[in-house]
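Data first, discussion second: the structure below is written as C-alpha cells.
The values are calculated or read from the model by the stated rules, or taken from the named source; none is laboratory data. The shown structure was predicted, so the numbers you read here are calculated from the model rather than taken from an experiment. FYI the Cβ positions are ideal-geometry reconstructions off the backbone, even for glycines, and counts take in every protein chain you see.
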Amino acid sequence: MCLNTMEKKENKICQSCNTSFVIEQNHFSFYEKIGVLPPNKCPDCRQQIRYAFRNERRLYRRNCDLCDKSTVTIYSPDKPFKIYCTSCFWGDEWDAKVYAQDFDFSRPFFEQFYELLLKSPRIALLNKNTVNSEYTNHAGDNKDCYLSFCMFNCENMLYCTNTWEKGRDCMDCQYNPMNISLCYECVDGENLYNCQYTKFLRDCSDCFYSYDCRNCSNCFMCYNLRNKSYCIENQQHTKENYKKIIEEMNLRSRTKRQKFYENYRRMIREKAVHRYAVIDKSINCTGNIVLNSKNAKNVFDIERAEDVSFAAMSPDTKDCMDVYHVGLKTELVYNSHAIVRSSNLIACNLSYDNTFAYYCDSCHNSQNLFGCVALKKSSYCILNKQYSKEEYDTLVPKIIEHMKKTGEWGEFFPPKYSPVCYNETQGAIYMSMKKEEVLARGFKWADDLGGTFGKETIKEISDSIKDTDESICKEVLACDKCNKNYNIALAEYELYKKMIVPIPEFCPDCRYLERQTLRNPRRLWHRVCICDKQNHSHKDKKCIIEFETPYAPERPEKVYCEECYKKEVY
C-alpha cells in the first residue's frame with residue numbers, strides 16, 4: 001500500500017463510538033513504515049482498549065499454579081488463567097513452547113491466540129528485586145513499600161504511584177517522578193522535602209496546601225510563586241510570624257485540615273493562574289506534562305520522546321504511536337502496552353526486552369515472535385511453536401495477509417480477550433463507564449472486586465494524631481465514602497506521627513480517586529487564552545493566542561497561554 005504522505009489526509013468515522021477523527025499526513029508515513037493499515041477506531045477508543053489490559057493496582061491472593069504457594073496477584077481467583085508467582089515465572093522449570101499450536105488459516109487469528117492465552121501461564125504481578133514490598137506492582141528495586149504502583153528505587157513508600165527514582169518516607173503521593181522525601185498527598189511534583197497537599201511543585205521544602213510553586217520553602221496556601229519563603233496565601237511574613245501562625249493552625253486536627261483542603265481546592269480553581277499545558281524544554285509538542293521532547297503530539301506524562309503520537313506514560317521513546325506505559329529506550333513500537341527496552345513491535349502487551357515481535361503477550365528477552373505468550377529467550381516462534389528462520393520468514397507474511405482479510409492486522413487485542421475486567425483497570429480511572437456500557441462495548445465486568453464490609457471494630461477515629469497511639473494498628477476501620485474496611489499499618493502510623501498527619505477517614509482507594517481529580521484528563525481541547533490584563537503584550541485587548549489544552553472550555557480555571565502565564569508567575 002503506497003501512500004503519498006505529502007498529500008494524504010483523511011477524515012474517518014470511528015467504528016466503535018461513531019465520532020469523526022482525522023488521520024494526519026505524518027500518521028500515514030508511520031503506518032507505511034511499519035506496514036499496517038490506518039486504524040478504524042479513533043485515538044480515544046484505541047487508548048481505551050489499551051487501558052482495559054492494565055490492572056495496575058487491584059490486588060488479590062491466590063495460589064501459584066506451579067508451586068501451589070499463596071501469592072499476591074493482579075488476577076482474581078475466578079480468572080480462567082494459569083498464574084505463576086514471580087519466582088516460578090522467571091524460573092527454568094517450565095517452557096511455554098509445550099503449549100505450541102499450528103496456525104489455522106480457516107480461523108481468525110485472535111480466536112487462536114486466546115486459546116493459547118488460556119493455556120499459557122501469566123506472571124502474578126511485576127515486582128522484581130524488592131525487599132518487604134510484596135504488595136507492589138510494576139515495581140522494582142524497592143524496600144519496605146506497601147500498596148504502591150509503578151515505583152522504582154524507593155524506600156518506605158506507602159499508597160504511592162509513579163515515583164521512579166529516590167522516593168523515601170512518603171504516603172499518598174501520585175506522579176512525583178523523583179527525589180521526594182517525607183511527603184504526603186503530593187501530586188505532580190519533583191525534588192520535594194516535607195511537603196503536604198501540593199500540586200505542580202518543583203524544588204520545594206516545607207510547603208503545605210500549595211499549587212505551582214518553584215524553589216520555595218515554608219509556604220502555606222500559596223500559588224504561582226517562585227523563589228519565595230515564609231508566605232501564607234501569597235503574602236510575605238517574617239520567619240517568626242510565619243511559624244507562629246502555622247502553629248496556631250493546629251495541623252494535627254482532621255477537622256481543621258478538612259477546611260484547609262477545601263480552601264486549597266478552591267484556591268486552585270478560582271485564584272491560581274493555569275498554564276495551558278505543562279510542556280518544558282520541548283519542540284513542536286502537544287499534550288500535557290511533556291518534558292525534553294520533540295515532535296510529540298497528543299502525548300501525556302512523557303519525557304525524552306521524539307516523533308511520538310498518542311502516547312501516555314512513555315518516557316524515552318522514539319518513532320512510536322498509540323502506546324501506553326511504553327519506554328526506556330524503545331523505538332518503532334505501535335499500538336502496544338507495557339513495553340520496555342524494545343524495538344519493532346506491533347500490538348504487544350506486557351513484554352520486555354524484545355525486537356521484531358508481533359501480537360505477543362508476556363514475552364521477554366526474545367526476537368522474531370508472532371502471536372506468542374509467555375516465551376523467554378526465544379526466536380522464530382509462531383503461536384509458541386518453534387520454526388527455522390526460513391520457515392518463519394515464509395509463514396509470517398501469509399499470516400499478515402490473512403489478518404488483513406479478517407480485519408485484525410494492526411488492531412490491538414479485542415477487549416473481550418483481556419485477562420482482567422474493565423472495572424479493575426486504569427480504564428475505570430481515565431475513561432469510566434457504567435456496567436451496561438462496558439458490556440455493550442465488548443469489555444468485561446467484575447461484579448465482585450473484593451474487599452470486606454461491616455467488620456469495623458471502631459466507629460470513630462480521634463480528630464488529632466496526638467491522641468492516637470499504636471493500638472489503632474490493631475483496629476479495623478470503615479471508609480467514610482465507600483464503607484469498605486481498611487486498617488493502618490505500623491509503618492503508616494509512624495509516618496503519620498512523624499509528619500503530624502491525622503489518621504485518614506477514607507480508604508486508600510478513595511484517597512487515590514480523590515487525588516486523581518486533581519490531575520487533568522488525557523485529552524485536549526482547542527481554546528483561546530482568556531487573559532485580558534493590560535500589562536501584558538496584548539495591552540488593552542484580550543489575548544488571542546490559541547492552543548491545545550487539557551482544560552475543557554467549561555472549566556472555571558484561568559487558563560493562560562505561555563507568554564501570559566510567565567508574566568504572572570516569573
Return the pair list, or none, for Cβ contacts closer than 6 Å from residues in region 441-460 that are hydroxyl-bearing (Ser, Thr, Tyr) to residues that are surrounded by 11 or more Cβ atoms within 10 Å (Cβ to Cβ) and at pLDDT 90 or above, at least 6 apart or on different chains.
THR452/ASN485; THR457/GLU475; THR457/VAL476
Any residue in region 412-423 that is modelled with pLDDT under 95 and farther than 30 Å from PRO43 by Cα?
no
I'd like to verify a number: residues in region 61-86 that are in a loop (DSSP other than H, G, I, E, B) and more than 24 Å from the chain's Cα centre (by Cα), how many?
10
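I need the full set of residues from region 326-345 which are surrounded by fewer than 24 Cβ atoms within 10 Å (Cβ to Cβ) and assigned to a strand (DSSP E or B), in order please.
Within region 326-345, GLU331, LEU332, ALA338, VAL340, SER343, ASN344 qualify.
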Flag if TYR493 is among the aromatic types (Phe, Trp, Tyr) and in contact with a helix residue (DSSP H, G or I) (Cβ under 8 Å, 6 or more places away or on another chain):
yes
Can you tell me which residues in region 391-440 are among the β-branched types (Val, Ile, Thr), farther than 23 Å from ARG523 by Cα and either buried (at least 18 other Cβ atoms within 10 Å of the Cβ) or in contact with a Leu (Cβ under 6 Å, 6 or more places away or on another chain) (or both)?
VAL396, ILE399, ILE400, VAL420
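Please verify whether LEU158 is on the phi < 0 side of the Ramachandran plot and in contact with an Asp or Glu (Cβ under 6 Å, 6 or more places away or on another chain), treating the condition exactly as stated. Even if it seems obvious, please write down each step before you answer.
On the way: on the phi < 0 side of the Ramachandran plot: yes; in contact with an Asp or Glu (Cβ under 6 Å, 6 or more places away or on another chain): yes.
Answer is yes for this residue.
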Can you find a residue that is surrounded by 17 or more Cβ atoms within 10 Å (Cβ to Cβ), in contact with a Gly (Cβ under 7 Å, 6 or more places away or on another chain) and among the polar types (S, T, N, Q) anywhere in region 275-285?
no
Looking at TYR352, TYR359, which is the one that is of a type in the set (Phe, Trp, Tyr) and surrounded by fewer than 23 Cβ atoms within 10 Å (Cβ to Cβ)?
TYR352
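Check ASP78, ASP44, ASP102 and return the single one that is at pLDDT 95 or above, of a type in the set (Asp, Glu) and either surrounded by 16 or more Cβ atoms within 10 Å (Cβ to Cβ) or on the phi < 0 side of the Ramachandran plot (or both).
Within the list ASP78, ASP44, ASP102, the selection yields ASP102.
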Just give me the residues in region 31-60 being outside any loop (DSSP other than H, G, I, E, B) and under 25 Å from the mean Cα position of the chain (by Cα), in sequence order.
PRO43, ASP44, CYS45, ARG46, GLN47, GLN48, ILE49, ARG50, TYR51, TYR60
Of those in region 194-223 that are under 15 Å from ILE245 (Cβ atoms) and more than 26 Å from the chain's Cα centre (by Cα), the residue surrounded by the most Cβ atoms within 10 Å (Cβ to Cβ) is CYS219
So, in region 364-415, how many residues would count as being in a helix (DSSP H, G or I) and touching a Phe, Trp or Tyr at 6+ places or on another chain (Cβ under 8 Å)?
12
Filter result (under 30 Å from ASP322 (Cβ atoms), in a helix (DSSP H, G or I) and among the hydrophobic types (A, V, I, L, M, F, W, C)) within region 492-532
LEU513
